[in-house]
1. Could we say that A89 is small (G, A, S) and either under 23 Å from I283 (Cα atoms) or crowded, with 17+ Cβ neighbours inside 10 Å (or both) here?
2. Of the residues G344, G265, G304, which single one is on the phi > 0 side of the Ramachandran plot and either buried (at least 16 other Cβ atoms within 10 Å of the Cβ) or at pLDDT 95 or above (or both)?
3. Restricting the first residue to segment 46-63 and requiring it to be free of Cβ contacts under 8 Å to residues at least 40 places away in the same chain, which pairs with a second residue that is within 9 Å of the ligand (Cβ to nearest atom) meet a Cβ separation below 9 Å and a spacing of at least six or different chains?
4. What pairs can you find where one residue is in segment 2-20 and within 30 Å of P294 (Cβ to Cβ) and charged (D, E, K, R), the other is assigned to a helix (DSSP H, G or I) and within 16 Å of the ligand (Cβ to nearest atom), and their Cβ atoms are less than 7 Å apart, with a gap of 6+ or different chains?
5. May I ask you to say which residue of G79, G97, G109 is within 30 Å of V123 (Cα to Cα), touching a His at 6+ places or on another chain (Cβ under 7 Å) and modelled with pLDDT of 95 or more?
6. Filter segment 182-198 down to residues that are buried (at least 24 other Cβ atoms within 10 Å of the Cβ) and assigned to a loop (DSSP other than H, G, I, E, B), then give me how many there are.
7. Does G61 satisfy the condition of being over 26 Å from G322 (Cα atoms) and within 16 Å of the ligand (Cβ to nearest atom)?
8. Could you say which residue among R232, R172 is touching a residue at least 24 places away in the same chain (Cβ under 8 Å) and buried (at least 18 other Cβ atoms within 10 Å of the Cβ)?
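The values are calculated or read from the model by the stated rules, or taken from the named source; none is laboratory data. Because the structure is predicted, anything quoted here is derived from the model rather than measured. Virtual Cβ from ideal backbone geometry, glycine too; neighbours counted across all protein chains shown.
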Amino acid sequence: MIDLRSDTVTQPSPEMRRAMYEAELGDDVYGEDPTVNRLEAMAAERTGKEAAMLVVSGTMGNLVCGLAHCQRGDEMIVGADAHIFVNEAGSVASLGGVQVRTIPNDERGMLDPDRVQAAIRPVGLQFPRTALVCLENTHNRCSGAVLTPDYTDTIARIAHQWDAAVHLDGARLFNAAVYLDVPPRELVRSVDSVMFCFSKGLCCPVGSIICGTKEFIQRAQRTRNTLGGGMRQVGVLATAALVALEEMVYRLADDHHNARRLAEGLSRIPGIILDPAQIQTNIVIFQVADGDAPSFLRQIGERGLLGHHPYDSKVRMVTHYGIDEADVDEALEIVELVMKERLGAPRS
Ligand code: TLP
């Protein structure tokens, strides 16, 4: 099976498994797990923030940050295609009483600065307080598009002018850093909090982390505990994340190369609609001309290739650790065969 559904399907590397066996452990709810403490210090250093806190998942990281920035009745601005809005079960609204206001994001995952400015509420008894603006880098539903540091600074300047905080869903922050060839701290220099995931392209089995000021992380620790997210000897997971930060970041360039190869090959197959120039990182989203993504996925699945159906008539394929050029070429052969069948052309 060539599994391109997501980079979440990655298996831990042999070094991670070894490190998990040997990790030095303590009770992290007492702040006594030395491996977690080392990981949190390293994550804070990599993002240029004062402190960090390990959480179970990206979803929990975004939620904890949303709850730590916002009070009940506050409003938070997010892009209409943001993972926070689309894929997190309405968590800040249901658990935090936070009103989510969406504005459109363009196909590169960007919010128009003028629209952000216009969406921020004036101060007044009748209005919710705009407490938070969220960005996503790389942008999942926009084919892994990358936001530059300058763009993020522009949005942060607007938000901060009106006393709103900025949170970055950086589930794939390191993909953006590798693509732009900048240190991750440059990408988050103007945001108040960032979440990034170890369990996507960085190949860990579990884990995400949030970073921000010391005061923010102290508040977030209370929120994480409220959600039942305090973990005990969680150094067994943190140690894999340390391996990820030290050894798995630079190989993301291979995933980007393979995604480019996949996108270029797909764009040459009749009936596949895709502009390969749009692919910057490891996510390839395309359309099948007849619009029936579910049956296309069924057909490629029967031949050993898995993709994901994010929405509409779209298909998503994600490259990751464990997928090499030969897998990409085999995936292309399968798609070509299936498309020939779908378009009714005789088999070659
Ligand atoms: N994304 C998953 C699915 O939920 C769609 C995937 O396969 O891509 N932010 C972004 C931008 C994400 O893409 C994801 C996961 C998350 C947050 C949530 O992370 P987890 O799955 O750890 O809760």
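1. On the way: small (G, A, S): yes; either under 23 Å from I283 (Cα atoms) or crowded, with 17+ Cβ neighbours inside 10 Å (or both): yes.
So A89 passes the test.
2. Working: G344 fails: either buried (at least 16 other Cβ atoms within 10 Å of the Cβ) or at pLDDT 95 or above (or both); G265 fails: on the phi > 0 side of the Ramachandran plot.
Selected residue: G304, the only one of G344, G265, G304 that is on the phi > 0 side of the Ramachandran plot and either buried (at least 16 other Cβ atoms within 10 Å of the Cβ) or at pLDDT 95 or above (or both).
3. T59/H83; T59/I84; T59/N87; T59/E88; T59/S208
4. D3/V9
5. Answer to the check: G109.
6. So the count comes out to 3.
7. On the way: over 26 Å from G322 (Cα atoms): yes; within 16 Å of the ligand (Cβ to nearest atom): yes.
Spelling it out, G61 is indeed over 26 Å from G322 (Cα atoms) and within 16 Å of the ligand (Cβ to nearest atom).
8. Numbers: R232 fails: buried (at least 18 other Cβ atoms within 10 Å of the Cβ).
After ruling out the rest, the residue left standing is R172.
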